[in-house]
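Trainee: Please read through the structure below; I'll follow up with questions.
All of the numbers you see were taken from the coordinates with simple rules; none came from a lab. As the structure is a prediction and not an experimental result, all values here were calculated from the model. Note that each Cβ is placed from the backbone with ideal geometry, even for glycine, and that neighbours are counted across all protein chains shown.
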Amino acid sequence: MSSTAKKVLVVEDNLMNMELASELLTSAGIEVLQAPVTERGMEIAREEAPDLILMDVQLPGMDGLTAIRHLKRSEETRGIPIVVLSAHAMRRHAEEARDAGAVGYIAKPIDTRSFVTRVLSHLPQS
């Protein structure tokens with residue numbers, strides 16, 4: 001993997017969703033970090049400083065929106081853009097995600113045709 005490869009952290013407790021997102025991103029040349037629980041995702045965010053975080057909302061333990069608020073309050077992680085992945089595709093859920101600090105919202109199930117393009121649109125340009 002080249003040093004210019006973008007790094008995306010996927011925080012997702014559903015193994016099938018994690019594998020699909022990871023496979024799609026890896027095939028696009030993106031380095032993928034994985035966390036099945038929120039707390040581990042927050043640790044990885046601090047340790048690895050990914051270019052983007054994809055955060056599920058419904059996670060065991062701390063929910064994704066609470067995690068986003070914590071990440072956005074932290075000096076170490078506040079600059080990392082976060083996109084919510086959620087099966088709840090209602091407008092108010094997208095608004096809640098933005099209010100928490102997310103820059104985008106991708107509904108599940110993941111649309112394999114547009115997923116990478118949507119993720120890339122939120123990655124900071126170097």
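Trainee: Hey, can you tell me all the residues within region 1-16 that are touching a strand residue (DSSP E or B) at 6+ places or on another chain (Cβ under 7 Å) and of a type in the set (S, T, N, Q)?
Mentor: none
Trainee: Yes or no: residue 97 of a type outside the set (S, T, N, Q), in contact with a Phe, Trp or Tyr (Cβ under 7 Å, 6 or more places away or on another chain) and closer than 22 Å to residue 116 by Cα? Talk me through it step by step, then tell me what you get.
Mentor: Details: of a type outside the set (S, T, N, Q): yes; in contact with a Phe, Trp or Tyr (Cβ under 7 Å, 6 or more places away or on another chain): yes; closer than 22 Å to residue 116 by Cα: yes.
Answer is yes for this residue.
Trainee: Sticking with this structure for a sec: Within region 93-107, which residues are outside any strand (DSSP E or B) and within 26 Å of residue 48 (Cα to Cα)? Lay out the reasoning, then the answer.
Mentor: Just the residues of region 93-107 that are outside any strand (DSSP E or B), to begin with: 93-103.
Correct list: 97, 98, 99, 100, 101, 102, 103.
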